[in-house]
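Below is one structure, written out as structure tokens; comments come after it.
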Amino acid sequence: MRVVILGTGALGCVFAARLAPCAEVVMLGTWAEGIAAVRRDGVCLHQQDGTRRCVHLQATTDPAEVSPADVALLLVKSYQTERAAAWASQVLKPDGLAITLQNGLDNGPKLMAAVGPRRSAVGVTYNGAILLGPGDARHTVRLPTHIGATPETAERVAAVASLFTGCGLETHVAAEIEPILWAKALANVAINPLTALWRIPNGGPLETTDRHALLAVLVEEAAAVARARGIALPFDDPVAYVEGVCRATAANRSSMLQDVERGRPTEIDSLNGVIVAEGKRLGVPTPVNEVVWQLVRGMATR
Ligand code: KPL
């Protein structure tokens, strides 16, 4: 199977390095330094035992150099989805499948618009990683991935899930992806901005009652929006669920904290921004999400 990974960030490196022994993997991205490093040294992963393993594979900034692919995996930042989706449609075989595993609530429709519903799938990954340098990452959180299937995509999604699982990236096929997507988003709308604003790891929001109180309000507002949309969340207590994500990923630095530390734009518009917009549309108040959204938007980027 030829798998094109769109994105050279932390998770792009993790998926590329882990899938390379089982599939023909190509990394496609716009970050010239990241692509150059992979071409030179391979994509490198720091293991939990302290060793570092590099895998050589094709890496390019030019979609025209990529042979038609069975799978295009979107792991770019949510504000880069349109361009990545256009590239996916350029590199995919007519019966290929483009899968978004990105953070955010607005990637699926953008992907579908570019490649068509028969060639797109929405997924959710709980894997976490830290980018240490161009083409160099540490896989910090090893948790499952879920990919949504429709009757039209079921066979291809099952093949991808079995490939990923066989390569050590536990992946499940989901008949209903929306509840899983929203569940993860509830964690992201609280953990990501709070860890980025306070510069703390994922376990930090549970450390004081003040921090926890803000986490709980963010989650409750977002859960109210999800329920108003008719999403059947896969738990009764959203705050307890997000506390569990904080504990399971306690030492990880969230992707938004890593973005802020690098002076890069964040995914806040696709997270709290969507909660605020959906809240307005559905008549659900989201004042705390709105303030946090503006606070993160106001942070300086280089
Ligand atoms: O998805 C994440 C992220 O950092 O973006 C969590 C679940 C918070 C793990 O770090």
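The values are calculated or read from the model by the stated rules, or taken from the named source; none is laboratory data. In this text the structure is predicted, and so the values were computed from the model without any measurement. Here the Cβ positions follow ideal geometry from the backbone for every residue, glycine too, while neighbour counts run over all protein chains shown. We work out accessible area using only protein heavy atoms, side chains counted, and drop any ligands, DNA or RNA first. Shrake-Rupley method; radii C 1.70, N 1.55, O 1.52, S 1.80 Å.
Net length available on complete extension from Glu261 to Lys280 is 3.7 nm, with 0.36 nm assigned per residue and the Cα-Cα distance removed. Of the accessible area of the chain, computed with a 1.4 Å probe over protein heavy atoms only, carbon and sulfur atoms account for 54 percent.
Top mean-square fluctuation among Thr145, Thr165, Thr249, Gaussian network model of the chain, C-alpha springs under 10 Å? Evaluated over the chain, the most mobile residue of the options is Thr165.
Across segment 93-123, the residues whose backbone nitrogen lies under 13 Å from the label position 7 Å along the beta-carbon direction of Glu152 are 95-98, 112-122.
Distance between the 7 Å Cα→Cβ label points at Asp106 and Glu220: 2.7 nm. Cross-link partners for Lys77 among the aspartates and glutamates, with Cα-Cα distance under 20 Å and sequence neighbours closer than 8 places in the same chain left out: Glu33, Asp62, Asp106, Asp136, Glu178, Asp259, Glu261, Glu267, Asp269. Could you run the Debye sum over the Cα atoms of segment 29-88, one equal point scatterer each and no solvent, and tell me log10 of I(q)/I(0) at q = 0.23, 0.25, 0.28 Å⁻¹, two decimals? Results for segment 29-88 at q = 0.23, 0.25, 0.28 Å⁻¹ read -1.07, -1.15, -1.22.
Around the Cα centre of segment 178-299, unit charges on the Cβ atoms of Lys, Arg, Asp and Glu (plus for the first two, minus for the last two) sum to a dipole of about 280 debye.
For segment 2-174, the ratio of Cα radius of gyration to the globular rule of thumb 2.2 N^0.38 Å stands at 0.93. When the alpha carbon coordinates of segment 143-198 are projected onto the principal axes, the ranges are 43, 24, 10 Å, largest first. At a Cα cut-off below 21 Å, give the lysines reachable from Lys93, other chains included and same-chain residues fewer than 8 away excluded. Within the straight-line limit of under 21 Å, Lys93 reaches these lysines: Lys110. Please give the length that would be gained between Ile200 and Arg142 if that part of the chain were fully extended, namely 0.36 nm times their separation in residues minus their C-alpha to C-alpha distance (nm, one decimal). Between Ile200 and Arg142, full extension yields an extra 18.9 nm.
Grouping the Cα pair distances of segment 178-299 into 10 Å bins from zero gives a pair-distance distribution of 15, 49, 32, 4 percent in increasing distance order.
Residue separation of Thr165 and Leu132 scaled by 0.36 nm, minus their Cα-Cα distance, works out to 9.4 nm of gained length. Think of segment 25-144 as having a plus end and a minus end, set by charges on the Cβ of Lys, Arg, Asp and Glu; of Gln90, Ile130, Gln58, Ile130 sits farthest toward the positive end of this dipole. Assign one of three labels to segment 201-253, namely rounded, prolate or oblate, based on the Cα gyration tensor with a ≥ b ≥ c the square roots of its eigenvalues; rounded applies when a/c is under 1.5, prolate when it is not and a/b is larger than b/c, and oblate otherwise. Since a/c reaches 1.5 and a/b is larger than b/c, the shape of segment 201-253 is classed as prolate. Across segment 2-174, Cα pairs under 8 Å and at least six residues apart give a relative contact order of 22 percent.
Each Lys and Arg adds +1 at its Cβ and each Asp and Glu adds -1 at its Cβ; summed about the Cα centre, segment 87-201 shows a dipole of about 260 debye.
At a probe radius of 1.4 angstrom, the accessible area of the chain per residue rounds to 41 square angstrom.
Compactness of segment 82-136 was expressed as the Cα radius of gyration divided by 2.2 N^0.38 Å, which yields 1.26. Taking the chain, the Cys residues with no second Cys beta-carbon under 4.7 angstrom are Cys13, Cys246. Here the contact order of segment 178-299, divided by its residue count and restricted to Cα pairs under 8 Å and six or more residues apart, works out to 35 percent. Across segment 66-78, computed HN-Hα scalar couplings (Karplus, 6.51 cos²θ - 1.76 cosθ + 1.60, θ = phi - 60°) run 9, 6, x, 10, 7, 9, 10, 10, 8, 10, 8, 5, 4 Hz from first to last residue, x flagging Gly and Pro. Over the chain, Cα pairs under 8 Å with separation of 6+ residues give a relative contact order of 15 percent. Protection proxy ranking for 282-293, 39-50, 215-226, 83-94, using the average of other Cβ atoms within 10 Å per residue and placing the highest first: 215-226, 83-94, 282-293, 39-50.
Report the far tail of the P(r) of the chain, meaning the percent of Cα-Cα pairs longer than 33 Å. I get 19 percent for the Cα pairs in the chain exceeding 33 Å. For segment 127-252, a crude dipole built from +1 on the beta carbon of Lys and Arg and -1 on the beta carbon of Asp and Glu, taken about the Cα centre, is about 320 debye to the nearest 20.
Centre-to-centre, using Cα atoms only, segment 199-270 and segment 116-169 are separated by 21 Å.
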